[in-house]
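Notes to accompany the following structure.
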Amino acid sequence: MYAKNAWKKYNEKELKEVFNFSEGYKEFLTQGKTERECVKKAVEYAEAAGFKNLLDCKNLKKGDRVYATNRGKNFAAFVIGEKGLEEGLRVLGAHIDSPRLDVKQNPLYEKDGFCLMDTHYYGGIKKYLYVTIPLAIHGVVVKKNGEIVEVNIGEDSNDPVVGITDLLIHLSADLMSKPAAKVVEGEDLDLNVGSIPNKDDEKEAVKNNILKLLKDKYGIEEEDFLSSELEIVPAGATRDFGLDRSMIAGYGHDDRVCAYTSLMAVLHETDVTYTSCAVLVDKEEVGSIGATGAQSRWFENVLAELLDKTSGYTSLKLRSTLTHTKMLSSDVSAGYDPLYASVNDSKNSAYLGNGLCFNKYTGSRGKGGCNDAMPEFIAEIRNALDNANVNYQTSELGKVDQGGGGTIAYILGNLNMNVIDAGIAVLSMHSPMEIVSKADVYEAYKGYRTFITKL
């Protein structure tokens, strides 16, 4: 109702900025298909912008720019502000995990002349969408001696791809009668990875040939899968979408589109009143649990270290820092799709091209699991964005009883921070090919910069 289409306001110079900014994001999304790859890129960007590793700094003062990592899957960048940390930070928080298939610990087996690889899906997916598309293998294998072997198969133009086969339509009478959730069962999401037998073997000759190829290329044995972390993701580069190139199609917009824009917002600032931060977390798609999820104490530990290197750490100072912190939970929202209009309340939906999207609450049905931001906080944000000419909109995740979802907002809200969800509308969310508007990507970046500098 109050939102306006951002494309209409751009002059020729601004339009060029929108498209140029999207090129950087497309590169990030193409190269960052796992959490570890995203953190690696974030460190690269931060160091190029002059940020130093927090571990290498004894003391911190206004204007210092530092970053911290955790287990290769979390990243945080800070610009130290004029005011003390106890007066609060301005935080942009996004997650860098995305729905996918994970390789099991004992994955390889041979059946009827093929070598297959067993997987377990991660996060909420429509399982049938992963059938008959080119898939790539990304991740790490850790040997018993501690050596970490990085694996990336399927992205280079000279690489092979792998995939999951489908039953031909001619023989699918029984299959087509199943509900969509049962057409492809979780245990049937097995990759076909080869069919040439090793001439010297009588048993499991195809599997042994695949193991030989892996050993020749990566130096790994079958038992090394026990300590591996291999993710199966759609192969190929992020692409422009639409004849007018107004949109971006790629895997992992949820939530790497907010991760990139949040990170760039902080990296591009040098002088802030309140210490600004972009924090990237893992495991959101499975409940934000574990040592690298948003529920981990890692972020609190980093804040404690920042206090120790500025004004000195006490438990009371840390509590004060958290209480006075304001945060945007930078996460995507469901974009309104005219093909599926019936699941939305059109007055309270996120439309592609209308800018940064705020969700006062997410959750499901009776707001279960939501954060539900304070109206005073929302009014403060509205004022800052309006003054900065940033396009924004508000949204709910579909009709009240249609379903729902969650973000990391409530987790940081539990620490007494002021938090609201603020992200980018996505079409085909959680699919192998998600779609966002370039205008929304740019307006989110502008909105995030406004948040950390004007609130």
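The values are calculated or read from the model by the stated rules, or taken from the named source; none is laboratory data. Everything numeric here is computed off the predicted structure, so don't read it as measured data. Don't worry about glycine lacking a Cβ; one is built from the backbone with ideal geometry, like all the others, and counts go over all protein chains shown. To get the accessible areas, we keep the full protein, side chains included, count just its heavy atoms, and leave off ligands, DNA and RNA. Shrake-Rupley method; radii C 1.70, N 1.55, O 1.52, S 1.80 Å.
Inter-part distance, the stretch 283-331 to the stretch 130-182, computed on C-alpha centroids, equals 36 Å.
In this rough spin-label picture, where each label sits 7 Å from Cα along the Cβ direction, the GLU12-ALA291 distance is 5.6 nm.
Nonpolar atom fraction for the stretch 317-455, defined as the carbon and sulfur part of the 1.4 Å probe accessible area, stands at 50 percent.
When the GluC sites (Glu not before Pro) in the stretch 190-272 are filtered for DSSP coil states and for at most 14 other beta-carbon atoms within 10 Å of their beta-carbon, the remaining sites are GLU202, GLU221. Counting Lys and Arg as +1 and Asp and Glu as -1, what is the net charge of the other residues whose Cβ lies under 14 Å from the Cβ of THR453? Net local charge, THR453 excluded: +2. Taken about its Cα centre, the stretch 380-435 carries a charge dipole of roughly 20 debye when the Cβ of each Lys and Arg holds +1 and the Cβ of each Asp and Glu holds -1. Each Lys and Arg contributes +1 and each Asp and Glu -1, all at the Cβ; summed about the Cα centre of the stretch 2-133, the dipole is approximately 340 debye. TYR121 contributes an accessible area of around 90 Å² to the protein surface, as traced by a 1.4 Å probe with all chains present.
Please give the calculated 222 nm ellipticity per residue for the chain, where each DSSP H segment of at least 4 residues contributes -39500 (n - 2.57) and the sum is spread over every residue; nearest 500 deg cm²/dmol? Could the numbers behind the result be given before it?
Working: 10 runs with 122 residues, N = 455.
Theoretical 222 nm ellipticity from helices: -8500 deg cm²/dmol.
Couplings for the stretch 212-223, taken from phi via the Karplus curve 6.51 cos²θ - 1.76 cosθ + 1.60 with θ = phi - 60°, read 5, 4, 5, 5, 5, 7, 10, x, 10, 9, 4, 5 Hz in order; Gly and Pro are left as x.
Each DSSP beta bridge with both residues in the chain is either parallel or antiparallel, and the antiparallel ones are about 70%. Listed values for the stretch 35-47 are Karplus-derived 3J(HN,Hα) couplings in whole Hz (6.51 cos²θ - 1.76 cosθ + 1.60, θ = phi - 60°), namely 4, 5, 5, 5, 5, 4, 5, 4, 4, 4, 5, 5, 5, and x replaces Gly and Pro. Accessible area per residue (1.4 Å probe, heavy atoms of protein chains only) ranks LEU129, LEU267 as LEU129, LEU267, with the largest value leading. Taking the Cα centre of the chain as origin and assigning +1 to Lys and Arg Cβ atoms and -1 to Asp and Glu Cβ atoms, the resulting dipole is close to 1520 debye. Summarising the label geometry, the points placed 7 Å from Cα in the beta-carbon direction at VAL142 and HIS170 lie 4.9 nm from one another. Backbone geometry of the stretch 160-167 corresponds, through the Karplus equation with coefficients 6.51, -1.76 and 1.60 at θ = phi - 60°, to 3J(HN,Hα) couplings of x, 10, 10, x, 10, 7, 10, 7 Hz, x marking Gly and Pro. The residues of the chain expose on average 47 square angstrom of accessible surface per residue, using a 1.4 Å probe on protein heavy atoms. With the alpha-carbon atoms of the stretch 67-147 aligned to their principal axes, the span from lowest to highest coordinate is 67, 38, 17 Å, starting with the largest.
Of interest is the spacing of the C-alpha centroids, which for the stretch 60-127 and the stretch 1-34 amounts to 24 Å. Going by accessible surface with a 1.4 Å probe and the largest first, SER329, SER157 read SER157, SER329.
Nonpolar atom fraction for the stretch 23-136, defined as the carbon and sulfur part of the 1.4 Å probe accessible area, stands at 47 percent. Pairs exceeding a 31 Å alpha-carbon distance, out of LYS16/LYS83; LYS104/LYS178; LYS73/LYS143: LYS16/LYS83.
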